[in-house]
Amino acid sequence: MTYNLSGEIITGELSGVSIQYTGGSACASTGSPTTFTIKVYCNSSMQIEDIVYDFNVTQLAQLGEGTICDPVVQFVAPIGGCDILQTSIIWEYLDMIKPYIGVVSIIGGIMLCFYGLKLVKPSVCFVTFLSCIVVSLFVFYAVYLDAFELTPVFWYFLGGGAAAGVAVGLLCAKYVKFGAAMLGGWGGFAAGLILNEAILFRFELSWLFWAANIACIIAAAFITYKVFEPAIIASTAVVGAYFIARGVSVYVGHYYNEFTIINELKSGAITNIDPYYWGYVAGFAVLTAVGILYQRSTMPKKVSAHPYHR
């Protein structure tokens, strides 16, 4: 698209939003009701103080942008015209089942946080079950990325992911060491999310968000595969604490979406962090520590044989 700003013609591929106000008074030259249009183009790499705009109605009309009776003003900015939230219909479906997600998260989180090692096979099965559902929803998200109408196909993806989760979960529970590595990976992912939400979000870098999470996943999965019991305790406590916090946030609120907070901060949609949000971060840390200590205290005592009986 070509647009004019401050007397300079600029060519570029920018998306944005357009708002038109109609029903104005009659224009003297045409007798038709006047309109007024505001166009905001998104340039997410700009700083807020560098916003560019053009109110030269006559010059814009000469370039084909509106007329004297239907004036147009244009902005290029990092806010206003940029997507800061995901508009995929998947979020509408998840909002429908949010109360159930909260219950499952809290109950599953308690099981993982305090009984992860004792119930290692059910824990592996549960986390694998959730993993398959997440993968199926990502596939749905990719296929219906630009869809705006609700479709019953979502429930097929959700059901298929659940069915696959049961089968794969039982298989991973049988080969518990491999399943435990996946459980450890989830622990790394949860730790990465909290790390981003507590510290790294301040850098407002999307690549840092993903790099930190992937590094935590790989490291945690490897450690869990090599050092079984201590890693299982740590990873289940971390995942369980995160699930409990997210489950509570479904009903209480004051929690930021991990996947959109960076864009919201960069766009200026969030200027001050909600003080209640830090309660979740503190609660996560406390629950993780308590979960680790409790699981360690309930571990079976290892009795060393007397040298005489070896």
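The values are calculated or read from the model by the stated rules, or taken from the named source; none is laboratory data. Nothing here was measured: the structure is a model prediction, and the numbers come from that model. Heads up, the Cβs are rebuilt from the backbone with ideal geometry, glycines too, and the neighbour counts pull from every protein chain shown.
Residues I218, I223, I194: which one is surrounded by fewer than 18 Cβ atoms within 10 Å (Cβ to Cβ) and β-branched (V, I, T)?
I218
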Among the residues of the stretch 182-208, which ones are more than 17 Å from Y276 (Cα to Cα) and among the charged types (D, E, K, R)? R202, E204
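Being within 29 Å of A241 (Cα to Cα) and modelled with pLDDT under 75 narrows it down to one residue among I106, I90, I79, I68; which is it?
Values: I106 fails: modelled with pLDDT under 75; I79 fails: within 29 Å of A241 (Cα to Cα); I68 fails: within 29 Å of A241 (Cα to Cα).
After ruling out the rest, the residue left standing is I90.
What tally of residues in the stretch 231-290 results from selecting those that are assigned to a helix (DSSP H, G or I) and at pLDDT below 75?
So in the stretch 231-290, the residues assigned to a helix (DSSP H, G or I) come out as 231-252, 261-267, 277-290.
Narrowing the set further to residues that are at pLDDT below 75 leaves 261-267.
Total meeting the criteria: 7.
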Filter pass, G188 being surrounded by 13 or more Cβ atoms within 10 Å (Cβ to Cβ), within 24 Å of T236 (Cβ to Cβ), at pLDDT 80 or above and of a type outside the set (D, E): yes
Looking at the stretch 282-297, which of its residues are hydroxyl-bearing (S, T, Y) and either in contact with a strand residue (DSSP E or B) (Cβ under 7 Å, 6 or more places away or on another chain) or closer than 16 Å to A190 by Cβ (or both)? T288
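Which of the following residues is over 19 Å from I292 (Cα atoms) and either at pLDDT below 80 or surrounded by 15 or more Cβ atoms within 10 Å (Cβ to Cβ) (or both): L200, L171?
Values: L171 fails: either at pLDDT below 80 or surrounded by 15 or more Cβ atoms within 10 Å (Cβ to Cβ) (or both).
It is L200.
Looking only at the stretch 4-27, decide whether some residue is of a type in the set (A, V, I, L, M, F, W, C), surrounded by 10 or more Cβ atoms within 10 Å (Cβ to Cβ), more than 19 Å from V76 (Cβ to Cβ) and at pLDDT 80 or above. Step through it out loud before you land on a result.
As a first pass, look at the stretch 4-27 and keep what is of a type in the set (A, V, I, L, M, F, W, C): 5, 9-10, 14, 17, 19, 26-27.
With surrounded by 10 or more Cβ atoms within 10 Å (Cβ to Cβ) added as a condition, the list becomes 5, 10, 14, 17, 19, 26-27.
Now drop any that are not more than 19 Å from V76 (Cβ to Cβ), which leaves 26-27.
Next, only the ones that are at pLDDT 80 or above stay: 26-27.
Yes, there is a match, as at least one residue in the stretch 4-27 is of a type in the set (A, V, I, L, M, F, W, C), surrounded by 10 or more Cβ atoms within 10 Å (Cβ to Cβ), more than 19 Å from V76 (Cβ to Cβ) and at pLDDT 80 or above.
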Name the residues in the stretch 134-150 that are modelled with pLDDT under 75 and exposed (fewer than 13 other Cβ atoms within 10 Å of the Cβ), would you? A142, L145, D146, F148, E149, L150
